[in-house]
């Protein structure tokens, strides 16, 4: 018997998302992802100065503004033919690393962890056993007693604040066993739940510490001010560099000593999630962190495209193969356009039939690479890095270490819900180790006089594109400049790739595809669907 | 409220916040409010009193057309345990980005909460009010968000419009405003909802600003017969634009640490220059500090580590109404001038100056040639004195020509 | 009709106020441009000081000029040396209330003959009087922008109202005020250009009188 589930709003994400699915025999057989918000940034940017897009496009996403601003500046630089100097390259790499560290910590602990860690169960943990378990897992030891008391007070009291109604209609105390069995894993000890909750609170401070690095580089986070077209408005000096370095070291140490061990300790209880949630099996990365030649295929996380169906190999990215379909989205503009000349014309009226899962059902366009959907994000970046012979060995080394620790021999199992979660966390470790290198490199560049931070330029007409990676995946900005003003602007965000609706051929987007096959034990409590949706960090 | 019976301080301590930490926090709040630190114990007593009387203070946080940046921003509030204390004295039931629940439990939970605490809760709105397609350009739970907003706002004690988007629509309402965005205040006014609105413009808002307002609201509150704070008096401390006077009373420029360089005429004309390395004034590269009311230079950002100008980025005036249209181009001193909607219309000042000067000059020159051709001026001018006299005699009422 | 410009038209008091107006506007415009965009470094303090100094000078000069018009005597008709109190030249005068439209027609070449006027022609009078509200508007917008005065409710109300007209919905936004201040300067510049043109269209005798008090014995102005 087919039953429908509707998850609206999907919480603990950036933005507004609705997920609808059909469940048959305990498994999702079809799914739809709906972006429910339209703001029209591309329309607003028309006629403005190209450099202004840097400020406005950051406001597309308050969690990844740094990447949007950067991609926008890259697009304008490409239109103007500017090559940013070395100092700007390194400052931007550090800036972007900090955003990724911030975002990955925030995502894992604040957004995703509550799907795997039950704060109510943490109440029954034995403090002595918790400390022993933390030691055994090699993770950080916190004041577990204080955390437990604090959570206990909250759960026992009437006011649950942000935890209110968080157990899918069940009572965290009286339905504890049912919750444990249906929503979490009964084998996962209460002590591990407590460790998770304690580190949730620590993560609040650690993501803020990473954000402070961004604030030093860009004035504030969110919505920094310095990655402007031409380089950076930030001028590195000793007063600020030591601050950046030691704050980053603190964050990196915490990732290595707490976040990674936490994931490796929790993951074994959710290995079922290696079996589903893989998605479309096609992975796209535009590459992250520039080397001196600024070539996207030579970045620290290189650009690349993997179609698992064609074997585990990486193809170079041909940006001409990108297009955006809008047949199933609420637009009247033509479908299948390359985003350099994309158009965004929203529908002009709404009635009861406008929201139609067989017709138009989202504000998200459907980007396609080579006419096929592609997943973007840390899993894509890590897989492309893993399979690219020229990529930094730290990427492959980190993945192999984690697979080994979990006793997994087949790396293709990473193409799954658990793999996507793990990839994001492991990537934080790789980035964390690398960002320290960038700070050192910047210091050396300053010493050798190769740290110019801004390239003067004269603006002229032309077309440009900026291909970059937000924490949640491949990001591209496209700008056409005429008479010194923006004639056309287009943004293809990672969310439109991952939460894409069906394309003109009726092929589901990556998240929709990942939902298909997901086991749903109880349609009243579709926690697994929420886990899949959140695994994309939409 | 099952917390009755234990004292506020006991409960704080149970949550890992010592009495000393709490008083320290109150001290910081007092300083922020411009009170002397001797006021700290009083603030502490007020908050503790509020909490003891009614448990955690009820609050609901809804997302309109938001980028989640204001939520991100509040997540950066890190003065020892500020985020924790907000969590500990605000019973923040709905907060889409961090709340545990999802889907139907979220919607029903919010509804039950609003019924239970009707007329008493603080409603915090982040993001633009999207009215395009009758509000269908932003749907939550299968309905236009504007319906949710009107419903929850009408039952709230006070609405806090958080960030420029919630205040007036923010960047979303920049020309041509394709999503037909507006602010919470204007929208509620148009619907006849009388709940007072506190505006906290800025993109994003600074967490210190929100914390300050929440503390202020509870501090100044009168109590009803149940001892629950009545939030009305907060409106007496707002300016004509609904902003807390103590947060928006002076411009960025007034408090800027680089103001000395401005007065000295020491300017940055190009990013990456020696002048920028020396921390000179960013005015010529487009700083909008002189036109922007906010206290960024004093409050600063992200645990006060920096703020825009400190990092080398000129202020873009994000706390202004319709700030994108008003301040673009952000990198230039010479913004477009003109009437009406300036985002797309208007002309560059240099062109305006050339046009005005050119037209006026050309008109005068042409007129001069005309005068000459009409033989009114020049060596062959014929002055028709007699005809003039006749005309004047006919028309003058009194006095007349000499 | 053609008449001889006589130096009694511009007594020393008004020669001085005219000079002060000219200098004030010159320095205000120049320093205003510099404040708007500091084209060379180092002079912002000087520019702002200059701007404020001449702003006060201009305002006091305006006040003085208005008061003086009730005490200082000037000629009240072209071509005569008879004098009367100056303020009488500014109101409605029987001598030229009927001349407004003919004057406009004359300058647009729709009428051949120049209507004989009083000391000031109708258009001239309107233009000169308009500089009073224009000066006050410049001052008001300037005070609305200036830190120490911008928060005074009298100025803030104007800021708010003006901003509300521009799809900016209020917020005490200063940018619209700034632009208005800027446009007022352009109105002054246009006035100055037209004023200088029309005053000296026949010859420079009027300039010599208003700047130096020198009367040219052979000059004729008007028709």
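Residue count for the stretch B:135-150 satisfying the condition of being over 27 Å from residue A:5 (Cβ atoms) and either within 9 Å of chain A (Cβ to nearest Cβ) or crowded, with 24+ Cβ neighbours inside 10 Å (or both): 0.
Being touching a strand residue (DSSP E or B) at 6+ places or on another chain (Cβ under 8 Å), in contact (Cβ under 8 Å) with a residue 40 or more places away in the chain, in a helix (DSSP H, G or I) and closer than 23 Å to residue A:510 by Cα narrows it down to one residue among A:335, A:380; which is it?
On the way: A:335 fails: in a helix (DSSP H, G or I).
Matching residue, one of A:335, A:380: A:380.
Among residues of the stretch A:1-12 that are within 7 Å of chain B (Cβ to nearest Cβ) and in contact (Cβ under 8 Å) with a residue 40 or more places away in the chain, those with a beta-carbon under 7 Å from a residue that is surrounded by fewer than 21 Cβ atoms within 10 Å (Cβ to Cβ) and not in a strand (DSSP E or B) at least six positions away or on a different chain give the pairs A:12/A:111.
Residues C:163, C:193: which one is crowded, with 18+ Cβ neighbours inside 10 Å and without any contact (Cβ under 8 Å) to a residue 40 or more places away in the chain?
Details: C:193 fails: crowded, with 18+ Cβ neighbours inside 10 Å.
Within the list C:163, C:193, the selection yields C:163.
Scanning the stretch A:342-353 turns up one or more residues that are out of contact with any strand residue (DSSP E or B) (no Cβ under 9 Å at 6 or more places or on another chain) and either farther than 21 Å from residue A:19 by Cα or crowded, with 24+ Cβ neighbours inside 10 Å (or both). Residue B:334 passes every criterion in (1) in a loop (DSSP other than H, G, I, E, B); (2) at pLDDT below 85; (3) farther than 21 Å from residue A:229 by Cβ apart from (3). Right, residue B:380: modelled with pLDDT of 85 or more and over 30 Å from residue A:236 (Cα atoms) or not? No: the conditions fail for residue B:380.
Contact map, the stretch B:355-379: first residue more than 9 Å from chain C (Cβ to nearest Cβ) and within 16 Å of residue C:108 (Cβ to Cβ), second residue at pLDDT below 85 and surrounded by 14 or more Cβ atoms within 10 Å (Cβ to Cβ), Cβ cut-off under 9 Å, separation 6 or more or different chains; pairs are B:372/B:381. Residues in the stretch A:5-19 that are in a strand (DSSP E or B) and under 15 Å from residue A:364 (Cα atoms): A:17, A:18, A:19.
For the criterion of being touching a residue at least 40 places away in the same chain (Cβ under 8 Å) and within 21 Å of residue A:76 (Cα to Cα), residue A:283 fails. Residue A:311 - would you say it is in contact (Cβ under 8 Å) with a residue 40 or more places away in the chain and on the phi > 0 side of the Ramachandran plot? When the stated conditions are applied, residue A:311 does not pass them. With respect to (1) at the interface with another protein chain (Cβ under 9 Å from one of its Cβ atoms); (2) out of contact with any helix residue (DSSP H, G or I) (no Cβ under 9 Å at 6 or more places or on another chain), the lone exception for residue C:161 is condition (1).
Which of the residues belonging to the stretch B:105-127 are within 7 Å of another protein chain (Cβ to nearest Cβ) and buried (at least 24 other Cβ atoms within 10 Å of the Cβ)?
Within the stretch B:105-127, just B:106 meets the criteria.
If you scan the stretch A:395-429, which residues turn out to be without any contact (Cβ under 8 Å) to a residue 40 or more places away in the chain and touching a helix residue (DSSP H, G or I) at 6+ places or on another chain (Cβ under 6 Å)? Correct list: A:396, A:398, A:399.
Quick check on my filter: what residues within the stretch B:169-200 are within 14 Å of chain A (Cβ to nearest Cβ) and touching a strand residue (DSSP E or B) at 6+ places or on another chain (Cβ under 8 Å)? Before you say what the answer is, go through the steps one by one.
So in the stretch B:169-200, the residues within 14 Å of chain A (Cβ to nearest Cβ) come out as B:169-182.
Result: B:169, B:170, B:172, B:173, B:178, B:179, B:180, B:181, B:182.
Specify which of the listed residues (A:258, A:271) is in contact (Cβ under 8 Å) with a residue 12 or more places away in the chain, surrounded by fewer than 24 Cβ atoms within 10 Å (Cβ to Cβ) and part of a helix (DSSP H, G or I). Show your work before the answer.
Working: A:258 fails: surrounded by fewer than 24 Cβ atoms within 10 Å (Cβ to Cβ).
None of the others qualify; the one that does is A:271.
Residues in the stretch B:148-167: is at least one closer than 22 Å to residue A:106 by Cβ and in a loop (DSSP other than H, G, I, E, B)? So far as the stretch B:148-167 goes, no, none of its residues is closer than 22 Å to residue A:106 by Cβ and in a loop (DSSP other than H, G, I, E, B). Evaluated against (1) more than 14 Å from every other protein chain (Cβ to nearest Cβ); (2) in contact (Cβ under 8 Å) with a residue 12 or more places away in the chain; (3) part of a loop (DSSP other than H, G, I, E, B), residue A:364 falls short on exactly one condition, (1).
Filtering the stretch A:68-119 to residues that are surrounded by fewer than 24 Cβ atoms within 10 Å (Cβ to Cβ), at the interface with another protein chain (Cβ under 10 Å from one of its Cβ atoms) and touching a strand residue (DSSP E or B) at 6+ places or on another chain (Cβ under 7 Å) leaves only A:85. Residue A:36 passes every criterion in (1) touching a strand residue (DSSP E or B) at 6+ places or on another chain (Cβ under 8 Å); (2) in contact (Cβ under 8 Å) with a residue 24 or more places away in the chain; (3) more than 9 Å from chain B (Cβ to nearest Cβ) apart from (3). With a requirement of 3 or more residues that are within 23 Å of residue B:250 (Cα to Cα) and under 18 Å from the mean Cα position of the chain (by Cα), the helices (runs of 4 or more DSSP H) lying completely within the stretch C:145-223 that satisfy it span C:175-199.
The values are calculated or read from the model by the stated rules, or taken from the named source; none is laboratory data. Quick caveat, the model's predicted, so the values are computed rather than measured. Every residue, glycine among them, receives a Cβ derived from its backbone with ideal geometry; neighbour counts consider all protein chains shown.
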